[in-house]
Amino acid sequence: MKVFAALAVALTGMSMTSAMAAESPAYQDDRSSATALIQSLYNAIDRKEYLRAWSYYAANTVASAGDDAAKADYETFKKGYENTDFVTLLTGDETQEGAAGSTYYKLPVAIDAVDSAGKHSQFTGCYTVRLAQPSVQDTPPFQPLHIESGELKPASGELEAILPKTCE
């Protein structure tokens, strides 16, 4: 979607920031792979749907909905993105390994976050995603594919150049 927007920008001469800010990305909520999940995370951030973005993390389940500490953590999470206009995401090849009824995925990423003033900030790192095998889950709540952790650090440069080759 952003590739098409960039092409449209090049053809019309508009600035990338103004073109992307004016465009609202189509809703994406896909937990079929680690890559799709992380794309959904940033789709939620781009659409300013912070509660949906928050819900992709393992620690933020329905069970913690009434917890005051969880509400405070959510407000901090939300505040961290409130000046983000949009994010461009580049993902590498996901890897997987199994352990005790779960599959863990590692996904290298590079992102370019643009704030409401048009300032670009790049980050690079890895997400760890977990799927507890659905066939062995027999008590509520069901645990879908979710983010266990994301370790990103500031970087600078073109996304292709800063994307980690692998996650260790």
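Restricting region 133-161 to residues that are modelled with pLDDT of 90 or more and among the aliphatic types (A, V, I, L, M) leaves a set whose member that is farthest from the chain's Cα centre (by Cα) is Ala161. Here Pro164 does not fit the description of being modelled with pLDDT under 95 and either surrounded by fewer than 13 Cβ atoms within 10 Å (Cβ to Cβ) or assigned to a loop (DSSP other than H, G, I, E, B) (or both).
Every residue, every condition in (1) in contact (Cβ under 8 Å) with a residue 40 or more places away in the chain; (2) of a type in the set (D, E, K, R), yes or no:
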position: Val129; (1), (2): yes, no
position: Ser135; (1), (2): no, no
position: Phe142; (1), (2): no, no
position: Leu145; (1), (2): yes, no
position: Ser149; (1), (2): no, no
position: Leu152; (1), (2): yes, no
position: Ala155; (1), (2): yes, no
position: Glu160; (1), (2): yes, yes
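Taken as a whole, the structure places Glu49 among residues that are at pLDDT 95 or above and over 27 Å from Glu158 (Cβ atoms).
The values are calculated or read from the model by the stated rules, or taken from the named source; none is laboratory data. All of these numbers come straight from a predicted model, not from anything done at the bench. Here the Cβ is made from the backbone with ideal geometry for all residues, glycine too, and neighbour counts use every protein chain on show.
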